[in-house]
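The values are calculated or read from the model by the stated rules, or taken from the named source; none is laboratory data. Computed from a predicted model, the values in this text were never measured in an experiment. Neighbour counts are summed over all protein chains in view; Cβ atoms, including those assigned to glycine, are modelled from backbone coordinates with ideal geometry.
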Amino acid sequence: MLDLDFAQLSDAGKIREHNEDSIGCAVPHTADEARNRGWLFAVADGVGGEDRGEVASATAVETLLSSFRSSPDSQTPASLLQQLVQAANLKVYETAASAAPGGSSMSTTLVACLLRYDRATIAHVGDSRCYLVRRGQASRLTSDHTLVGEQVRMGLLSEQEAAESERRHLLSRSLGSNMLVSADINEQVLLPGDLLLLSSDGLHASVSDKEVAALASKFEDLNRAAQELVSLASAKDGSDNISVQLIRVKEVERVGMYRGRPYKLR
C-alpha cells in the first residue's frame with residue numbers, strides 16, 4: 001500500500017504584512033480510503049495587487065479539499081482533479097462576484113497533487129510548482145502559466161531571460177478570473193524514496209532547482225527540510241510569501257492500468 005511522510009510550511013516572508021498563500025492536505029484515515037481515494041495536497045498563491053488574495057487562495061484550497069473528501073471513489077485521478085479544479089475555480093469566481101458591489105478581481109494560482117497506488121497526478125493553474133526529487137536531482141512536473149513562461153515554450157526567451165524579466169510574475173492563467181479555467185494535468189509514476197515538492201513562487205523564484213534538490217534531500221526530518229528551504233528563500237529574497245509542501249514516498253503499491261482503471265501486478 002502507498003505509504004507517505006509529509007511536512008508543510010507557509011511563511012509571510014520579510015516584507016509582506018500578511019500571508020496570501022494557502023496550503024492544505026486531505027489525509028486518508030483507513031487503508032481502504034488510501035487505496036481507493038488517495039492523498040491530496042495543494043498550494044495556492046493569491047494574486048498580489050488584487051482584492052483579497054488570501055481569501056482567493058483559502059477558498060480554492062478549502063473547496064478543493066472538501067470536494068475531494070465527498071467525491072466518489074470510482075473516478076480516475078485525472079478526471080477527478082479536473083472536476084475539483086473547476087469547482088475551486090467557480091467558487092473563487094462566485095466569491096469574487098459577491099464580494100462587493102460590482103464584484104472584485106480576486107484570483108489565485110493552484111497546484112494540487114493526488115497520490116494513489118504508485119502514481120502522482122498533478123494539476124496546476126498559474127506559477128505555483130510541483131517538483132520531483134529523485135536520487136538528488138530535481139525535475140519540474142509543471143510549467144509556469146506566465147507570459148514569459150509561454151514565451152519560453154515558444155522559443156522566444158531563454159529560461160535565464162525569463163527569470164530576469166520584469167514581467168516574470170504576470171500570469172497567463174489563474175483561478176477565479178473566469179467561470180471556466182483550463183488546468184494542466186499530468187501523471188508521474190513513483191518509486192520508493194521519491195520526494196515531491198509543491199511550492200509557491202516565493203520559494204522557487206529565489207531558490208534554484210539544484211538548491212531545492214540539495215536541501216530537500218539533505219534532511220531525514222521533512223519539517224526540518226521545509227524550514228531550511230523557507231529560511232533560504234527568505235534570506236535570498238523574502239519579498240513574497242513562501243510556501244512549501246514536502247511529500248516523501250516510503251512505499252508504493254504497484255499497479256497496471258487498463259482503460260484508466262488500475263489492476264494489481266503480481
- Query: Does any residue in the stretch 128-156 that is at pLDDT 70 or above come within less than 6 Å, Cβ to Cβ, of a residue that is surrounded by fewer than 16 Cβ atoms within 10 Å (Cβ to Cβ) and in a strand (DSSP E or B) six or more places away or on a different chain, and which pairs are these?
  - Reply: TYR131/ARG140; LEU132/SER139
- Filter the stretch 216-240 for residues that are of a type in the set (Lys, Arg) and free of Cβ contacts under 8 Å to residues at least 24 places away in the same chain; the one that is nearest to GLY13 (Cα to Cα) is ARG224
- Every listed condition ((1) modelled with pLDDT under 90; (2) touching a Leu at 6+ places or on another chain (Cβ under 6 Å)) holds for TRP39 save (1)
- Task: Determine whether LEU64 is within 30 Å of LEU191 (Cα to Cα), touching a His at 6+ places or on another chain (Cβ under 8 Å) and either at pLDDT below 95 or not basic (Lys, Arg) (or both).
- Result: no
- For the stretch 95-105, does any single residue satisfy the condition of being under 18 Å from MET179 (Cα atoms), under 16 Å from the mean Cα position of the chain (by Cα) and at pLDDT 85 or above? no
- Task: Using the structure shown, decide if ALA99 is of a type in the set (Gly, Ala, Ser) and touching a residue at least 60 places away in the same chain (Cβ under 8 Å).
- Result: no
- Selection within the stretch 29-46 - crowded, with 20+ Cβ neighbours inside 10 Å and over 17 Å from VAL244 (Cα atoms): ALA34, ARG37, GLY38
- Of (1) in contact with a helix residue (DSSP H, G or I) (Cβ under 7 Å, 6 or more places away or on another chain); (2) over 17 Å from ILE122 (Cβ atoms), GLU62 satisfies all except one. Which? (1)
- Query: Restricting attention to the stretch 63-77, and to residues there that are in contact (Cβ under 8 Å) with a residue 40 or more places away in the chain and assigned to a helix (DSSP H, G or I), which single residue is farthest from the chain's Cα centre (by Cα)?
  - Reply: ARG69
- Would a scan of the stretch 32-41 turn up a residue that is among the basic types (Lys, Arg) and closer than 17 Å to ASP201 by Cβ? no
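So that you can scan it fast, the table gives a plain yes or no per residue for (1) more than 24 Å from PRO28 (Cβ to Cβ); (2) out of contact with any Gly (no Cβ under 8 Å at 6 or more places or on another chain):
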| site | (1), (2) |
| --- | --- |
| ALA56 | yes, no |
| VAL61 | no, no |
| LEU65 | no, no |
| SER74 | no, yes |
| GLN82 | no, yes |
| VAL92 | yes, no |
| SER98 | yes, yes |
| MET106 | yes, no |
| ALA112 | no, yes |
- Selection from the stretch 157-176 of residues that are surrounded by 15 or more Cβ atoms within 10 Å (Cβ to Cβ), at pLDDT below 70 and farther than 17 Å from HIS204 by Cβ: LEU157
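Would you check if there is a residue in the stretch 78-95 being of a type outside the set (A, V, I, L, M, F, W, C) and part of a strand (DSSP E or B)?
Just the residues of the stretch 78-95 that are of a type outside the set (A, V, I, L, M, F, W, C), to begin with: 79, 82-83, 86, 89, 91, 93-95.
Subset that is part of a strand (DSSP E or B): none.
Checked against the condition, which is being of a type outside the set (A, V, I, L, M, F, W, C) and part of a strand (DSSP E or B), the stretch 78-95 yields no hits at all.
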- Query: How do the pairs read when you match residues in the stretch 190-211 that are touching a residue at least 24 places away in the same chain (Cβ under 8 Å) with residues anywhere that are assigned to a helix (DSSP H, G or I), using Cβ under 6 Å and keeping only pairs 6 or more apart or on different chains?
  - Reply: LEU195/ALA216; LEU197/ALA216; LEU203/ALA233; SER206/ALA233; SER206/LYS236; VAL207/LEU232; VAL207/ALA233
